[in-house]
1. In region 259-301, how many are in a loop (DSSP other than H, G, I, E, B), modelled with pLDDT of 85 or more and either more than 21 Å from residue 81 (Cα to Cα) or β-branched (Val, Ile, Thr) (or both)?
2. Which condition number in (1) modelled with pLDDT of 95 or more; (2) more than 21 Å from the chain's Cα centre (by Cα) is the one that residue 153 fails?
3. Any residue at all in region 240-260 that is within 21 Å of residue 185 (Cβ to Cβ) and of a type in the set (D, E, K, R)?
4. Determine if region 607-618 includes at least one residue that is modelled with pLDDT under 80 and either touching an Asp or Glu at 6+ places or on another chain (Cβ under 9 Å) or surrounded by fewer than 23 Cβ atoms within 10 Å (Cβ to Cβ) (or both).
5. Scan region 24-42 for residues that are buried (at least 24 other Cβ atoms within 10 Å of the Cβ) and of a type in the set (S, T, N, Q) and jot them down.
6. Would you point out which residue out of 54, 70, 131 is surrounded by 16 or more Cβ atoms within 10 Å (Cβ to Cβ) and more than 40 Å from the chain's Cα centre (by Cα)?
7. Kindly list, by first and then second residue, each pair from a residue in region 127-154 that is under 18 Å from residue 56 (Cβ atoms) and of a type in the set (Asp, Glu) to a residue that is at pLDDT 95 or above and surrounded by 14 or more Cβ atoms within 10 Å (Cβ to Cβ), limited to pairs with Cβ atoms under 6 Å and residues at least 6 apart or on different chains.
Amino acid sequence: MAKIRILPDALASQVAAGEVVERPAALVRELVENSLDAGARHIEVHAQRGGIAMIRIVDDGSGMDREDAMLCLERHATSKIRTKEDLGAIHTFGFRGEALPSIASVSRFRLATREKTALVGTEIEVNGGKMVAVRDHGGAPGTVVEARSLFFNVPARRKFLRTENTEFAHVEQQLRLHAIANPQVAFTLTHNGDLVLHLPATRDMLERIRGLVGDELASRLLKVEETTLHGVTISGYIGGPGMSRSNRQMQTTYLNGRPIESASISYGLREGYHTALMKGQHPVTFLFIQMDAQAFDVNVHPAKKEVRFHDGNSVREAIARCVSRTLEKAAKLPTGHAPARPAPIPHAAGSTPTLPSSRQEQFDMPVAASSAPLRNIEPARPQVPASTPTSVVSHRVADVLARIAAARTPAAPPLPAETAATEEEKAEEPQQPQIASPEEETEEHPQEAVVDTKAPEAPDFRIIGVLQKLYVLMESKEGLVLMDQHAAHERVNFEKFRRAIESGGVPCQRLLMPITLQTTPRDADLLKQNLTSLNRLGIEIEPFGPNIFKVETLPSFLKTDDPSAWLDQVIEELSSLSSKSSSLRLSEDAIATIACRASVKSNDVLSIPELQALLKDLFACEMPYCCPHGRPTLVQISTSELERKFGRRAPG
């Protein structure tokens with residue numbers, strides 16, 4: 001007897017529904033995308049009991065005649081593609097022809113549709129995949145799709161649905177994603193008869209975002225000017241300084257109008273923000289990517305959430321550059337040209353910057369920062385060509401080494417040397433038993449060469465005092481400003497040594513006993529490609545056999561009792577580099593904590609002149625508003641907020 005059987009159509013449809021119809025939100029995604037493909041300008045979504053009891057989508061799109069209405073319920077029936085070549089350049093949201101038959105197979109389904117020029121439309125009822133009725137329909141032009149009692153005939157799937165509130169939260173999030181990408185379309189969302197969202201059509205993308213996230217958050221977004229790199233065009237809005245979240249719910253990205261997820265995009269955002277975010281935090285983004293439809297494949301995920309790029313490195317680099325330039329531009333915008341929205345941005349000499357509010361942003365919305373290289377501080381310094389392997393490492397490993405340098409070099413005058421610290425910061429620094437005396441610096445790169453002699457003056461802050469030997473209290477025109485002296489000095493040290501590394505290499509120290517590294521073939525190839533760059537960064541390494549390397553020197557500022565482990569970490573970070581990632585930087589989570597050691601601590605008592613010098617050095621940095629770990633260096637409590645707290649002004 002044969003073991004292999006062909007599944008009945010009804011069962012095959014239910015199997016397919018398991019991939020397409022995961023939960024009520026999946027219905028909303030598929031049906032709203034169909035409405036958008038049909039040219040709808042107003043879309044209504046009505047839900048009951050989180051969408052489990054009922055989902056109804058009403059649109060004013062092109063509608064269908066009776067023949068198309070009957071065919072759309074057949075599996076793999078679609079008007080979106082004709083030939084296999086069409087799969088390589090998909091320009092619509094839907095294309096598989098599985099959504100409607102899959103939904104109809106696991107619900108009590110009703111489709112009512114009428115073309116704008118037709119006198120009468122068509123209404124079809126399907127119950128669990130079985131057609132019940134076909135009749136004339138006299139409703140408005142467009143299409144109505146209704147699915148009731150989701151998974152009523154598949155109890156094994158129904159039991160995996162969550163609570164009503166959870167399912168509706170997913171429905172609302174799905175509608176928000178499409179509403180942001182289509183501001184020219186009006187959207188309405190109701191739940192159990194109550195109006196939840198009403199979004200009128202608009203031509204202003206920011207206005208649509210404001211309608212969804214509120215005035216306060218929208219006013220702090222930075223506009224990403226449309227930029228094209230490697231055939232990838234990027235635009236939209238990203239969170240400015242002080243904006244981040246503990247999850248990716250507000251990290252939204254669109255590819256040709258389709259909300260998607262992609263590792264290349266996530267890496268690009270992380271590299272673009274670089275040191276601007278605290279560990280575990282995620283940026284707020286509304287990023288739109290446009291590229292040739294033949295350059296990516298959307299047919300790699302059952303729910304079409306993920307895409308596969310033909311050249312993911314180009315996408316990654318384009319996003320990172322665009323994000324970092326946007327942050328850098330905002331950070332250097334003078335007060336006189338500040339945007340209408342109150343974004344916290346650095347300012348020109350003598351002006352008073354707008355700092356993050358002291359409210360909840362201090363905890364769940366850490367100050368963001370520019371992650372661009374420091375080339376704008378010293379414009380005369382020649383640029384390393386982005387196409388060379390040297391620049392790939394020099395720009396990105398430079399930041400890793402800069403943090404170590406900042407952590408291992410005494411504080412720059414006039415700040416005092418480290419005297420006291422918290423218990424954690426006082427921990428005895430590990431010594432390097434294998435390292436001999438550092439080599440002397442050459443005349444070509446004296447330490448004084450990295451000092452910026454044209455640093456802008458610090459803003460007009462009046463220092464009031466110091467709270468708990470850590471927070472410097474200052475008065476500004478806008479209110480009270482607090483500066484974390486430890487975080488501020490970290491930022492100063494970090495940028496100082498990054499400039500030193502990028503401008504001409506770092507001093508190294510020769511090991512008494514060379515270190516031997518045994519690597520995998522893949523890591524061996526990485527090291528061979530970057531030997532010259534690593535040498536410039538103080539790591540003298542050369543092949544010593546098959547997949548074996550010998551390390552003769554390390555950076556002079558490195559202090560560790562396990563240099564082999566540190567080198568393994570460098571190799572691991574190198575693996576994230578690509579041949580086109582010259583302007584991107586490495587992830588620094590594992591090394592960032594070391595940078596705390598060399599900066600002034602919470603118990604270090606600084607004089608007023610020293611605090612003034614620190615403030616001046618801080619505002620000479622590219623991004624003075626956060627330390628290299630992404631923590632804020634400055635926080636402002638506005639006068640109006642103080643007045644509210646003391647009852648001198650009504651709340652709100």
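The values are calculated or read from the model by the stated rules, or taken from the named source; none is laboratory data. Just so it is clear, the structure is predicted and the values come from calculations on it, not from any experiment. FYI the Cβ positions are ideal-geometry reconstructions off the backbone, even for glycines, and counts take in every protein chain you see.
1. Selection size over region 259-301: 4.
2. (1)
3. yes
4. To start, the set of residues in region 607-618 that are modelled with pLDDT under 80 comprises none.
For region 607-618, residues modelled with pLDDT under 80 and either touching an Asp or Glu at 6+ places or on another chain (Cβ under 9 Å) or surrounded by fewer than 23 Cβ atoms within 10 Å (Cβ to Cβ) (or both): absent.
5. Once the filter is applied, which keeps residues that are buried (at least 24 other Cβ atoms within 10 Å of the Cβ) and of a type in the set (S, T, N, Q), region 24-42 yields only 35.
6. Of 54, 70, 131, the one residue that is surrounded by 16 or more Cβ atoms within 10 Å (Cβ to Cβ) and more than 40 Å from the chain's Cα centre (by Cα) is 70.
7. 146/56; 146/110
Yes/no per residue for (1) of a type in the set (Gly, Ala, Ser); (2) farther than 26 Å from residue 102 by Cβ; (3) not assigned by TED's automatic domain parsing to the domain that holds residue 277:
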residue	(1), (2), (3)
147	yes, no, yes
151	no, no, yes
170	no, no, yes
178	no, no, yes
189	no, no, yes
209	no, yes, no
